[in-house]
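Participant: For reference, the structure I am asking about is given below.
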Amino acid sequence: MSAFDMFIDGESVSSVTSVRFDSIDPYNGETWATFPEASAADVDRAVTAAQRAYEGPWRQTTGAERAALMRRLADLIAENTEQLALADTIENGKLLREMRGQAESLPSYYTYFAGLAETSRGASIIPEKSNFLVYTRNEPVGVVAAITAWNSPLILLTWKLAPALAAGCTFVVKPSEHVSASTLLLAELVKAAGFPDGVFNVVTGAGETGKALVSHPGINKVAFTGSTATGQHVMKAAADNLTRVTLELGGKSPNIIFDDADLESAVNGAVSGIFAAGGQTCMAGSRLFVHRGILGEVSSTLAKRARDLIIGDPVLDETELGPLAFEAQLHKVMGYIEAGTGEGAELLAGGRRSDREDLRRGLFVEPTVFGNVRNGQKIAQEEIFGPVASIIPFETEDEVVTLANDIPYGLASAVWTNDIRRAHRIAARLEAGTVWINAYRTVSPAVPLGGFKASGIGRENGYEAMASYTETKAVWTELSGVSRDPFRLG
Ligand code: NDP
């Protein structure tokens, strides 16, 4: 069993209280590692280190200097992707090939934002007052606290850390108690890349750490990914200190298939939307709107794909569905499946905890498809975060847009059609931060990602992300030297 320490001010440290918590491998139910439970004193130590680093050498660095360090970090990550991916798979049970793909994409985020660090610039503004020269500076927001979720810890961290480092911020992250190891492995790479002590810090915890971190008065910005309910708590805690927040929260994304779509690609997109990652992703395409003209064909093909998925050890290359991440998650998903059958939805595939002898010790739920679901039903409205698809029939474009938007969430969406006009008409009407046309589940460092409505506040990735880690300062210079009426705003 591995015993991890936290990473504060460039050093591996345990908690001042010496309390530790366990991490359980969801594939075999065994405790495989322990982590320190950070107390408020540990959080304070991490935030103080980040403040010191911010006020010290880090703040004086140029964008080019930060970019050089970020590129070194990208290279080190590229050399260690297998180790990082495996650590996540052991803790969250997601397929190694999924976590490997994520790990392999991480360097591109650090190099993209390294480019923005080097090319970041303010504006020179010519106001209507001709006696003034005005320019703007983009200054780092300060010390950032990040709370990341267990489903994709390193990519969710990178979406925050890369723009924060590029902007010149320092950082304290609290990973999920279910998946802490990979973040600590990344900390070793940050140190090896040569970042000054205190620029990047990791506190681990299970219960009180997150709250202590986001309410610390030394934090200037909180970047959170997790459930909408916890996001609301984070925002309330941040309000006391007027701490800036970006929130990447839950989703219940519509995946819309029209009768003129390429059905093979569309069903493949439906599988990717809900069964890849075991449905444990904020952007899961969990509401599958299918045109009535193709309802039978799509329903039966998807149900067959669900029944045929290879369930098993997430480390093996052939496996298509691993276990859910932790016990409470399994009960939550099973509760929704019961709610679906209770509400009269038609169970087309799955619906049970796997009873296969070799999977008994793991947290396996069969890939599940419900047909003829109504949009108002619980399984169509609440985030399940598991491999459960709800097929909702529709007939017209207006009807499907109304149904798709009739939900508190607005993270992602997709539309499958060969009619380019319709595709863009619908893209403009969907209330979601992302619309994929004839695709599902693709992301990029250059493309902003985030939620409408209850799915969040702010955007990760792209220029938008960089802006959210900076404060804009306007600098006014008087040019004429003439003194003016001090009692007029002018
Ligand atoms: P949560 O959304 O509850 O977040 C847990 C994290 O938030 C922990 O790190 C925790 O730290 C921290 N936290 C909890 N309360 C506070 C607070 N008041 N202030 C600051 N930080 C706090 O995720 P769970 O892992 O518990 O998952 C619950 C459900 O959320 C899942 O079933 C899933 O449906 C959904 N979810 C959605 C995600 C998405 O991307 N949309 C991602 C992850 C989960 P500490 O342990 O120290 O309290």
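The values are calculated or read from the model by the stated rules, or taken from the named source; none is laboratory data. Small disclaimer: the values here were computed from a predicted structure and weren't measured. When we count neighbours, we look across all protein chains shown, and the Cβ atoms used for this are built from the backbone with ideal geometry, even at glycine. Heavy atoms of the whole protein, side chains included, go into the accessibility calculation; ligands, DNA and RNA do not. Shrake-Rupley method; radii C 1.70, N 1.55, O 1.52, S 1.80 Å.
Participant: Can you pull out every residue in the stretch 467-489 that is assigned to a strand (DSSP E or B), of a type outside the set (D, E) and either touching a helix residue (DSSP H, G or I) at 6+ places or on another chain (Cβ under 9 Å) or farther than 30 Å from Y112 by Cβ (or both)?
Facilitator: Once the filter is applied, which keeps residues that are assigned to a strand (DSSP E or B), of a type outside the set (D, E) and either touching a helix residue (DSSP H, G or I) at 6+ places or on another chain (Cβ under 9 Å) or farther than 30 Å from Y112 by Cβ (or both), the stretch 467-489 yields T470, W476, T477.
Participant: What pairs come out if I take residues in the stretch 98-117 that are under 17 Å from G168 (Cβ atoms) and pair them with residues that are among the charged types (D, E, K, R) whose C-beta lies under 8 Å away, six or more apart or interchain?
Facilitator: Sorted first by the residue in the stretch 98-117, then by its partner, the pairs are Y110/R71; A114/R66; A114/R71; A117/R66.
Participant: Could you grab the pairs with beta carbons closer than 8 Å, sequence gap of 6+ or different chains, first residue in the stretch 142-153 and within 8 Å of V222 (Cα to Cα), second one among the aromatic types (F, W, Y) and part of a loop (DSSP other than H, G, I, E, B)?
Facilitator: Sorted first by the residue in the stretch 142-153, then by its partner, the pairs are V144/Y469.
Conditions tested, residue by residue: (1) within 16 Å of the ligand (Cβ to nearest atom); (2) free of Cβ contacts under 8 Å to residues at least 60 places away in the same chain; (3) under 25 Å from W150 (Cβ atoms).
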| residue | (1), (2), (3) |
| --- | --- |
| T319 | no, no, yes |
| Q329 | yes, yes, yes |
| M334 | yes, yes, yes |
| L347 | no, yes, no |
| G350 | no, yes, yes |
| D358 | no, yes, yes |
| Q381 | yes, no, yes |
| V388 | yes, no, yes |
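Participant: Sort through A223, A239 and tell me the only one that's outside the structural domain of A432 (by TED's automatic domain parsing) and in contact (Cβ under 8 Å) with a residue 24 or more places away in the chain.
Facilitator: Checking each option against the conditions leaves just A223.
Participant: Sticking with this structure for a sec: Pick out the one residue from A206, A123, A162 that is touching an Asp or Glu at 6+ places or on another chain (Cβ under 6 Å) and either over 19 Å from P448 (Cα atoms) or aliphatic (A, V, I, L, M) (or both).
Facilitator: A206
Participant: Something else about it: In the stretch 341-358, how many are out of contact with any Pro (no Cβ under 8 Å at 6 or more places or on another chain), open to solvent by less than 40 Å² (accessible area, probe 1.4 Å) and closer than 16 Å to F275 by Cβ?
Facilitator: Number satisfying all stated conditions: 2.
Participant: Assuming K453 fulfils every condition listed in (1) in contact with an Asp or Glu (Cβ under 8 Å, 6 or more places away or on another chain); (2) among the basic types (K, R); (3) open to solvent by 80 Å² or more (accessible area, probe 1.4 Å); (4) more than 23 Å from S227 (Cβ to Cβ) apart from one, which condition is it?
Facilitator: (4)
Participant: Something else about it: Which one of R45, R59, R52 is among the basic types (K, R), closer than 30 Å to V141 by Cα and either open to solvent by less than 40 Å² (accessible area, probe 1.4 Å) or free of Cβ contacts under 8 Å to residues at least 60 places away in the same chain (or both)?
Facilitator: Going through R45, R59, R52 in turn, the sole match is R45.
Participant: Still on this model: Quick one: E460 ticks every box in (1) in the same structural domain as L295 (by TED's automatic domain parsing); (2) surrounded by 20 or more Cβ atoms within 10 Å (Cβ to Cβ); (3) within 15 Å of the ligand (Cβ to nearest atom) except a single one, so which number is it?
Facilitator: With (1) in the same structural domain as L295 (by TED's automatic domain parsing); (2) surrounded by 20 or more Cβ atoms within 10 Å (Cβ to Cβ); (3) within 15 Å of the ligand (Cβ to nearest atom) applied to E460, the lone miss is (1).
Participant: Moving to a separate point now. Among the numbered criteria (1) over 18 Å from the mean Cα position of the chain (by Cα); (2) charged (D, E, K, R); (3) not in a helix (DSSP H, G or I), which single criterion is violated by K191?
Facilitator: (3)
Participant: In the stretch 276-291, is there at least one residue being open to solvent by 20 Å² or more (accessible area, probe 1.4 Å), of a type in the set (G, A, S), part of a helix (DSSP H, G or I) and at pLDDT 95 or above?
Facilitator: no
Participant: Right, here's the next one. So, in the stretch 73-93, how many residues would count as being more than 27 Å from F21 (Cβ to Cβ) and aliphatic (A, V, I, L, M)?
Facilitator: Selection size over the stretch 73-93: 4.
Participant: Sort through D44, D5 and tell me the only one that's within 16 Å of the ligand (Cβ to nearest atom), modelled with pLDDT of 95 or more and within 26 Å of the chain's Cα centre (by Cα).
Facilitator: Going through D44, D5 in turn, just one is within 16 Å of the ligand (Cβ to nearest atom), modelled with pLDDT of 95 or more and within 26 Å of the chain's Cα centre (by Cα): D44.
Participant: Another question, then. Looking at (1) free of Cβ contacts under 8 Å to residues at least 40 places away in the same chain; (2) among the aliphatic types (A, V, I, L, M); (3) assigned by TED's automatic domain parsing to the domain that holds T341; (4) open to solvent by 20 Å² or more (accessible area, probe 1.4 Å), which is the only condition V401 fails?
Facilitator: All conditions pass for V401, except number (4).
Participant: For the stretch 222-253, give me each residue that is among the acidic types (D, E) and either in a helix (DSSP H, G or I) or open to solvent by 10 Å² or more (accessible area, probe 1.4 Å) (or both).
Facilitator: Matches in the stretch 222-253: D240 only.
Participant: Would you point out the residue of the stretch 166-194, among those that are in contact with a Leu (Cβ under 9 Å, 6 or more places away or on another chain) and within 12 Å of A49 (Cβ to Cβ), that is farthest from the ligand (Cβ to nearest atom)?
Facilitator: So, considering only residues that are in contact with a Leu (Cβ under 9 Å, 6 or more places away or on another chain) and within 12 Å of A49 (Cβ to Cβ), the one farthest from the ligand (Cβ to nearest atom) is F171.
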